[in-house]
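The values are calculated or read from the model by the stated rules, or taken from the named source; none is laboratory data. Values in this document were obtained by computation on a predicted structure and should not be read as measured data. For neighbour counting, all protein chains shown are included, and Cβ atoms are generated from backbone atoms with ideal geometry for every residue, glycine included. These area figures cover heavy atoms from the full protein model, side chains too; ligands, DNA and RNA do not enter into them. Shrake-Rupley method; radii C 1.70, N 1.55, O 1.52, S 1.80 Å.
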Amino acid sequence: MTDAMIIGGGSGMGLALARTLLAERMDVTIVGRSADRLAAAKEELAQAAQGKISTVRADIGREEDVAELFAWVERVEHVAVTAADVTGAYGRIADVATAAAEAVVDTKLLGAWLVGKHAVGRVTGSITYTSGINAYRPNGANTIVAAANGALASLAYGLAIELAPVRVNVISPGWVDTAIWDQLGMDKQAAFAELAERLPARRIGTPNDIAQAFLSVMRNGFITGTVLDVDGGHRLLT
Ligand SMILES: NC(=O)c1ccc[n+]([C@@H]2O[C@H](COP(=O)([O-])OP(=O)(O)OC[C@H]3O[C@@H](n4cnc5c(N)ncnc54)[C@H](OP(=O)(O)O)[C@@H]3O)[C@@H](O)[C@H]2O)c1
């Protein structure tokens, strides 16, 4: 039994959300594949936490892991999913290995579906997934990630009907400075500076910007079947 479970909570936006919920005195379980990453996150979170922090190793793309996770937790009020494996998934379609594309679909889309499947009777409040700006703004080198992100909206609409009164939503972040960028092999700071100048918000997002959006969607009992864009106005750029 835990108040909130964050699948992908060992780093980035999920870790920021864990910090936020613990400060709200909630008990939080963070989930990911790497025991080392979870242990480091737990150590950091425990220093300032008001609520209890737990960790569980699980791969969201494997049904047996997701089933065990929900059996272990028994009941949980809120689930947030920030997990994604996008290793090798950026590049022109001819250069992306099919295994890399499958990993994106397994983690972002099928994993999200598995969470919906095994949430039945266990989740009492809300499920919130994470998509991303490239669902609307593919750039010719991120097609499979964009497709999985776009499909998450339809998944959430379907589950909001099917799992009601559990609420199901999606947060769609713009560019946020997290470790996920480090594997893209680009000059991250230069790209961030260039975009920040053009964004209506005039800056890149922080993990905490996204954590605050998750918190509001979790708390607001009238939001369901919605995609909330938290992107500094990125969708409006020409
Ligand atoms: N950062 C951005 O600019 C941006 C923009 C738009 C959308 N997004 C989306 O936002 C979400 C969060 O990304 P982030 O920036 O916070 O990246 P991040 O720091 O890399 O976080 C992703 C987390 O997911 C976990 N994970 C990966 N595969 C998993 C699996 N199969 N099962 C369970 N956990 C898994 C990772 O831990 P392990 O490797 O230990 O499992 C990691 O802790 C992602 O869905 C990403 O696509 C990010």
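Overview of results
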{"read-out": "Fluctuation leader among Met218, Met13, Met26 - the chain, Gaussian network, Cα springs under 10 angstrom", "value": "Met26"}
{"read-out": "Sequence-distant residues sharing a close amide H with Thr29 (under 5 Å, placed H)", "value": "Ala4, Met5, Ile6, Ser54"}
{"read-out": "Global geometry of segment 118-238, whether rounded, prolate or oblate, following the gyration tensor of its Cα atoms and the 1.5 cut on a/c", "value": "prolate"}
{"read-out": "Asp59 accessible area, 1.4 Å probe, all protein chains in place, Å² to nearest 10", "value": "40 Å²"}
{"read-out": "Furthest towards positive pole of dipole, Val28, Thr107, Ala16, structure part segment 1-115, Cβ charges", "value": "Ala16"}
{"read-out": "With DNA, RNA and ligands ignored, accessible area of Asp229 (1.4 Å probe; Å², nearest 10)", "value": "50 Å²"}
{"read-out": "Fully extended contour minus Cα-Cα distance, from Arg75 to Glu24, at 0.36 nm per residue", "value": "16.5 nm"}
{"read-out": "Distance-filtered residues of segment 130-164 - backbone nitrogen under 20 Å, label point 7 angstrom along Ala190 Cα→Cβ", "value": "139-142"}
{"read-out": "Range in the chain, longest, excluding exposed GluC sites (Glu not before Pro) [loop by DSSP; at most 15 other beta-carbon atoms within 10 Å]", "value": "75-238"}
{"read-out": "Listed residues Arg19, Arg122 arranged by accessible area, highest first, probe 1.4 Å", "value": "Arg19, Arg122"}
{"read-out": "FRET efficiency estimate (nearest 0.05) - Cβ-Cβ, Asp182 to Phe222, R0 35 angstrom", "value": "0.40"}
{"read-out": "Separation of alpha-carbon centers, segment 62-138 and segment 149-166, rounded to whole Å", "value": "13 Å"}
{"read-out": "Modelled FRET efficiency - R0 30 Å, Thr98 with Ala39, Cβ distances, 0.05 increments", "value": "0.35"}
{"read-out": "Centroid-to-centroid separation of segment 1-24 and segment 191-237 [C-alpha atoms, Å]", "value": "18 Å"}
{"read-out": "In Å², nearest 10: area of Trp175 left accessible to a 1.4 Å probe", "value": "70 Å²"}
{"read-out": "Å² per residue, accessible surface of segment 2-229 at 1.4 Å", "value": "47 Å²"}
{"read-out": "Point-to-point label distance, Ala67-Asn139, nm (Cα→Cβ direction, 7 Å offset)", "value": "4.0 nm"}
{"read-out": "Accessible carbon and sulfur surface of the chain relative to its total accessible area, %, 1.4 Å", "value": "52 percent"}
